[in-house]
Amino acid sequence: MNIEKRTVDPTTHVGHVVDPSRPVLILSEERQGAEQVSRHYHLRGQLLFGIRGVMKLTTESGTWLVPPAQAAWIPPGIPHEVEMTQPVSLRSIYIDPEYAEKLPSNCCVLRVDILLRELIIEAASIGNDYRPETPEARLMMVIVDRLQRIERFPFHLPFATEPRLRRIIDALVADPADTSTLSEWANRVGASERTLGRLFIRHLGLSFGRWRRRLRLLAAMDRLGSGASVTEVAFELGYGSPSAFIAMFRQNLGESPTRLFSTSGKERSDNAGL
């Protein structure tokens, strides 16, 4: 797939407007997919919300996959890039630095509930020319307050620069279905199995098994979001059966892949007029 690369102009982008009297600024976009927004940062914090479509957020510390109808939080000043392999109906909320201090200091994926979703949609209809001490300004502050109470999704795949770990990470990212054991990887990279196990915990905060399961979960979300069936994804990622894959998915996300993506489809239909 040919990916079109886009850049962000800090001289004109709303994410670089510092103005505490407007705590929230918003940008609405319809992206056609097959594009990557090259590495950049904003002076404001960004809530990257897709009403439909899957996005991939990457920073120096790892990758986050943003499922349909969910959002990624990016603190002010964090260099990042965003990739979209399919059409995305995007609503980006930019939080002024004065208010972003109350929000997470690290990137994360947030579960957007019905209330926050409706607040974002209403904010998009208001636009960015509202005045302080107005009903519109108060609604924007409700968004800031609500973000402090939103549940996080486990969609972070941490990276590491340690050379032996990096060899394993790069190989598994290229082929998530690889079933090599930690012992087999130890032989390839010139370390003992025990040493590798300790390195995963020390540098990534996850065991090798948990890191690989999370990688497969992210790969599955990407493929499902692109329209692949559950059966196709299960076998592509090395699962012995679709039921084993569904059990892993439900264990990590609390619901089946069919339910998660059918819910997103309903929201796409509900918002077709946006």
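The values are calculated or read from the model by the stated rules, or taken from the named source; none is laboratory data. Everything numeric here is computed off the predicted structure, so don't read it as measured data. All Cβ positions, even for glycine, are placed from backbone atoms using ideal geometry, and neighbour counts span all protein chains on display.
So that you can scan it fast, the table gives a plain yes or no per residue for (1) more than 30 Å from V88 (Cα to Cα); (2) assigned to a helix (DSSP H, G or I); (3) in contact with a Lys or Arg (Cβ under 7 Å, 6 or more places away or on another chain):
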position: L165; (1), (2), (3): yes, yes, no
position: L172; (1), (2), (3): no, yes, yes
position: A177; (1), (2), (3): no, no, no
position: R188; (1), (2), (3): yes, yes, no
position: I201; (1), (2), (3): yes, yes, no
position: L215; (1), (2), (3): no, yes, no
position: F235; (1), (2), (3): no, yes, no
Exclusive hit being in contact (Cβ under 8 Å) with a residue 24 or more places away in the chain and under 25 Å from N106 (Cα atoms), set L237, L196, L182, L165: L165
Residues located in region 172-213, provided they are touching a strand residue (DSSP E or B) at 6+ places or on another chain (Cβ under 7 Å) and either farther than 30 Å from S256 by Cα or crowded, with 19+ Cβ neighbours inside 10 Å (or both): L204
Leading residue by the ranking (farthest from the chain's Cα centre (by Cα)) among those in region 132-151 that are part of a loop (DSSP other than H, G, I, E, B) and touching a residue at least 12 places away in the same chain (Cβ under 8 Å): P132
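Conditions tested, residue by residue: (1) within 22 Å of the chain's Cα centre (by Cα); (2) at pLDDT below 95.
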residue	(1), (2)
E162	no, yes
D170	yes, yes
D175	yes, yes
E184	no, no
R198	no, no
L206	yes, yes
W211	yes, yes
L218	yes, yes
Region 220-231, subset more than 14 Å from the chain's Cα centre (by Cα) and outside any loop (DSSP other than H, G, I, E, B), residue surrounded by the most Cβ atoms within 10 Å (Cβ to Cβ): L224
Matching residues in region 55-67 - criterion: being within 8 Å of the chain's Cα centre (by Cα) and not polar (S, T, N, Q): M55, K56, L57, W64, L65, V66, P67
